[in-house]
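The values are calculated or read from the model by the stated rules, or taken from the named source; none is laboratory data. Small disclaimer: the values here were computed from a predicted structure and weren't measured. Reconstructed Cβ throughout: ideal geometry from the backbone, glycine too, with neighbour counts over all protein chains shown. In case anyone asks, the SASA skips ligands and DNA or RNA and just uses the protein heavy atoms, side chains included. Shrake-Rupley method; radii C 1.70, N 1.55, O 1.52, S 1.80 Å.
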Amino acid sequence: MGRSVLYVPGLSDMSEVGTFAAITILYRLALRVAEMGCDIDVPCYDPVVMTVLDGAARDAYSKAGRPDAFRRGCVHYVSAQQFAYVAAVNGYMLRERPAANVYMGSFYADSLLLAETG
């Protein structure tokens, strides 16, 4: 489709089981995205989680044999405030119109806003 994939890893830190699931799923998704030659965008709520997700995405692109296709900054920090984060992600969805939105991790009141916009 010529558009990116948006991966939203939830609103939790590294102490949550949902975050570990989000890391695992991102790795598999980034592997598929790299194989297909698409872009991925991962806005993060927590800076520590962002660092781990960035490493997982880099490893996936390397495993797919396309380490040069990994875009620096595709995994990026947005905000640690719940609704500021949601507003930024919703704005991205409306502007960029990603081909797919993947939500994995822990979500709270923000889940309704993200799902409706997606």
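Worth a mention:
- Assigned charges on the beta-carbon of Lys, Arg, Asp, Glu; the chain dipole about Cα centre (debye): 400
- Our analysis of the chain gives Rg over Rh at 0.94, with the two radii drawn from alpha carbon positions and Rh computed by the Kirkwood formula.
- Solvent accessible area, Å² - Glu116, 1.4 Å probe, full protein context: 130
- Less than 5 angstrom separates the built amide H of Ser12 from those of Ser106, all sequence-distant by 5 or more or on a different chain.
- Net length available on complete extension from Arg66 to Asp13 is 16.2 nm, with 0.36 nm assigned per residue and the Cα-Cα distance removed.
- If R0 is taken as 25 Å, the Cβ-Cβ distance between Ala99 and Phe20 corresponds to a FRET efficiency of 0.45.
- Of the trypsin sites (Lys or Arg not before Pro) found in the stretch 65-108, those in coil by DSSP whose Cβ has at most 14 other Cβ atoms within 10 Å are Arg71, Arg72.
- Inter-label distance for Arg58 and Ala84, nm, one decimal - labels placed 7 Å from Cα along Cα-to-Cβ: 2.7
- Computed E for His76/Ala115 - FRET, C-beta separation, R0 25 angstrom, nearest 0.05: 0.70
- Average accessible surface area per residue within the chain, 1.4 Å rolling probe, Å²: 53
- Orientation-averaged projected area, Cα convex hull of the stretch 46-115 (nm²): 5.3
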